[in-house]
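Worksheet: one structure, shown below.
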Amino acid sequence: EVNCERRQLELEIAFQPSDGTNLLMGDAIQGTNKLAKRLVTKPDSSKRISWDVISFFIVMYDVLFIPLEVFGLARLPFSEAAHYLSTIFWTVDIFATLSTGYHSHGLVEMRPAHIFMRYARS
């Protein structure tokens with residue numbers, strides 16, 4: 001219990017803005033770099049949710065059709081195009097994930113260095 005209270009105090013100090021304002025649940029923690037502010041998207045933005053919906057359908061395609069490649073079925077033009085689009089999508093997804101904030105202790109972390117470190121650890 002003491003460790004829990006100490007951790008809570010550490011979090012409050014770590015997330016205390018230098019301008020004296022208080023952060024509320026769901027507030028975004030952003031750096032001062034203007035370019036980074038424009039490039040990093042919130043995890044619950046409509047752009048990110050749309051990206052996640054598209055990724056769901058691509059995962060379903062991959063789950064269904066990649067195992068069928070074991071049987072050596074002839075590739076149709078559609079399946080050939082879908083294969084390349086899937087590969088391109090997952091490559092772009094790396095950068096999309098690196099430019100998306102995440103929820104941490106009730107706040108939204110939007111600082112690129114913190115996002116990168118979390119991505120690197122996962």
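The values are calculated or read from the model by the stated rules, or taken from the named source; none is laboratory data. It should be emphasised that the depicted structure is a prediction, and the values quoted were computed from it without experimental measurement. Don't worry about glycine lacking a Cβ; one is built from the backbone with ideal geometry, like all the others, and counts go over all protein chains shown. Side chains included, ligands, DNA and RNA excluded: accessible areas come from the protein's heavy atoms. Shrake-Rupley method; radii C 1.70, N 1.55, O 1.52, S 1.80 Å.
Would you be able to tell me the number of residues in region 104-117 that are touching a Leu at 6+ places or on another chain (Cβ under 7 Å) and in a loop (DSSP other than H, G, I, E, B)?
Qualifying residue count, region 104-117: 1.
Mind listing whichever residues of region 69-103 are open to solvent by 100 Å² or more (accessible area, probe 1.4 Å) and assigned to a strand (DSSP E or B)?
His103
Give the residues of region 34-64 that are among the aliphatic types (A, V, I, L, M) and part of a helix (DSSP H, G or I), sorted by residue number.
Leu35, Ala36, Leu39, Ile49, Val53, Ile54, Ile58, Val59, Met60, Val63, Leu64
Taking only pairs six or more apart or across chains, which ones have beta-carbon atoms under 6 Å, a first residue in region 49-64 that is within 19 Å of Thr97 (Cα to Cα), and a second residue that is part of a helix (DSSP H, G or I)?
Trp51/Ala96; Ile58/Ser86; Ile58/Phe89
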